[in-house]
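Structure first, then comments.
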Amino acid sequence: MKTRYWLFIVTIWAMVAWGCDSAAPRADSDADSDSDADSDSDADSDSDADSDSDSDSDSDADSDSDADSDSDSDSDSDSDGDLPPLRIEAECAFGAQMGDCNGTFDGTNANLPGQDGADSIPLLKEGEQIVGYFYAGSWLAFPGVDLTGYTAVAAYVASAQSGGAMEIRLDAADGTLIATLTVPDTGDWETFARTETALSAVDGVHTVYLVSANNGTYNGDVDWIEFFEAGGDADSDTDSDTDTDSDTDTDTDDPDLLPKFVGNITTGNGSVDWQGMNYSTYWDQITPENAGKWGSVEPNAGDTRNWSTLDAIYAYTEDHDIIFKQHAFVWGQQQPNNAGSLQEADVKSWMNEFCDRYPNTRLIDVVNEPPPHTTPDFANNIGGGTDSTWTWITNAFKWADEACPDAILILNDFNNIEWTTDNQHFIDIVNTIKAAGAPIDAVGAQAHDLDHASVTTATMKTLMAKLHNDTELPVYVTEYDISTTDDAAQLQKYQEQIPFFLETDYIHGITIWGWIVGQTWSMASDSGLVNNGNPRSAMTWLMNTLDRPVP
């Protein structure tokens with residue numbers, strides 16, 4: 001048994017709103033002056049009384065050649081009944097009134113009404129309202145819960161071991177099973193992460209039981225459970241305002257405007273097609289593996305920049321209508337020699353020349369692998385603030401936005417969906433630079449370590465959701481590889497992980513880090529998908545899944 005002494009203060013949130021799938025895009029400075037003022041004031045059953053009155057007076061002074069012509073025609077008949085998420089604090093167990101979980105504290109640990117099982121006393125941690133000591137076979141019950149229409153359930157859990165699970169059952173601890181939540185190893189008992197799963201259809205009001213699965217182990221601590229509609233709030237609102245404003249703005253820095261892609265990287269020294277195989281047949285996005293790094297273009301600080309390899313890659317994307325992503329503007333590796341001499345003017349010059357040369361760049365890793373992983377030699381010259389304000393990162397994003405205003409700007413890192421500590425540290429950096437005004441559009445999860453024996457797919461899903469929820473930004477899987485000579489093992493990982501990437505709305509694209517065996521990066525030498533011209537099992541499965549040809 002864990003030896004922790006927990007006190008409690010009890011509160012409940014009966015219903016709270018849960019975050020959206022992506023942050024609002026940056027405003028693109030167009031001011032098109034269409035002032036459509038449609039004011040439809042519909043009287044539909046969901047009482048939304050739209051009164052839309054757009055009046056978007058934009059005098060279109062942007063340089064992004066927009067062509068929106070938005071003719072929205074929404075004649076509002078909104079008959080949907082979108083359900084807000086229903087969150088219940090775990091300590092509001094059987095015997096407490098919904099909305100009134102005030103308890104008394106007498107200076108000792110106390111079990112909750114409804115708890116069952118010897119040596120299975122849930123304790124509350126003061127200020128955090130956590131139910132702990134939730135041993136296998138024990139349960140918590142919540143009366144009077146109407147789950148009609150809810151299709152998914154989540155919980156906020158912590159565990160310092162793997163293999164935990166919690167069951168959602170109806171009307172008894174051994175009642176109808178409607179969901180099983182996996183409890184990942186979050187690293188320690190004080191680190192909580194969201195886990196979620198689908199919910200079987202339920203009608204009417206029930207007593208809902210949260211049961212620590214009877215699997216012979218301790219199943220973790222729990223803070224809250226939440227029921228929600230998977231896919232969220234898509235209402236059928238069609239309010240006929242027909243605003244036809246034709247402002248010509250394509251706004252490519254909005255992640256929602258790019259299709260979800262499955263792309264790859266160049267091979268060898270910047271090659272795109274390889275040994276008779278056409279890259280564009282299999283992949284719809286490209287990241288130059290090395291050619292876009294500052295040290296590749298400018299080997300020594302102050303050298304004349306050599307763009308020839310990058311020119312050819314970019315031209316290929318233009319000719320084949322493939323999404324081009326830049327990797328990377330600022331990185332503590334593969335920077336010019338004598339990088340410590342670089343100043344703000346040099347960074348701006350590098351970004352501006354790149355963006356002038358490659359104006360259709362759709363995504364940019366503005367800063368790659370921030371501390372503690374790497375630190376550019378010139379970080380202090382462009383703002384400093386490492387481990388505090390991160391001003392140098394904020395400045396890099398501001399300058400990248402000035403240079404490439406239509407690109408999606410990304411902070412990219414490794415281990416942020418594999419390990420709890422890295423995940424939280426990365427989130428802290430993102431939220432610090434957002435608060436400082438950094439125009440960040442998305443976050444990148446490299447995903448190199450997903451074949452590590454200690455990293456489960458359940459852990460990845462939990463940390464991926466936390467990455468999105470806590471930053472309120474879309475996520476790109478930027479450098480995915482599964483390195484093994486065992487075709488079956490590689491296929492298994494692809495089948496576990498790729499469907500999640502494809503089906504999750506807030507994941508906006510996947511870049512696999514190498515497709516030719518023997519030509520992938522040295523730390524994942526066996527991660528390629530085509531071996532001597534022959535597809536490995538994972539490649540065949542992936543191409544079939546994407547409805548693309550198999551080599």
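Worth a mention:
- Accessible surface of region 349-390, 1.4 Å probe, proportion on carbon and sulfur as whole %: 36
- Remark: for residue pairs 260/398; 293/466; 293/493; 260/348; 293/434; 325/398, the C-alpha separation exceeds 21 Å in 260/398; 293/466; 293/493; 260/348; 293/434.
- Fully extending the segment from residue 321 to residue 180 would add 46.4 nm, taking 0.36 nm per residue of separation and subtracting the current Cα-Cα distance.
- Prolate/oblate/rounded label for region 329-425 (Cα gyration tensor, a/c 1.5): oblate
- With coordinates expressed along the principal axes, the C-alpha atoms belonging to region 169-222 extend over 37, 22, 14 Å, beginning with the largest.
- Rounded to the nearest 0.05, the FRET efficiency derived from the C-beta distance between residue 215 and residue 534 at R0 = 35 Å is 0.25.
- Relative to the current alpha-carbon distance between residue 334 and residue 172, full extension at 0.36 nm per residue lengthens the span by 52.3 nm.
- Compactness of region 385-527 is given as radius of gyration and Dmax, 15.9, 47 Å, from Cα positions.
- With R₀ set to 22 Å, the beta-carbon distance separating residue 388 from residue 344 gives a calculated FRET efficiency near 0.70.
- Estimated inter-spin distance, residue 486 and residue 311, nm [label 7 Å along Cα→Cβ]: 4.8
- Working from label points 7 Å from Cα in the Cα-to-Cβ sense, the residue 205 to residue 547 distance is 4.7 nm.
- Potential extension, residue 257-residue 188 segment - 0.36 nm per residue separation minus Cα distance: 20.9 nm
- Spin-label model, residue 230/residue 303: points 7 Å from Cα along the beta carbon direction are separated by 5.1 nm.
The values are calculated or read from the model by the stated rules, or taken from the named source; none is laboratory data. In this text the structure is predicted, and so the values were computed from the model without any measurement. In this analysis, Cβ positions are derived from the backbone assuming ideal geometry, glycine residues included, and neighbour counts consider all displayed protein chains. Note: accessible area is taken over every heavy atom of the protein model, side chains too, but ligands, DNA and RNA are not part of it. Shrake-Rupley method; radii C 1.70, N 1.55, O 1.52, S 1.80 Å.
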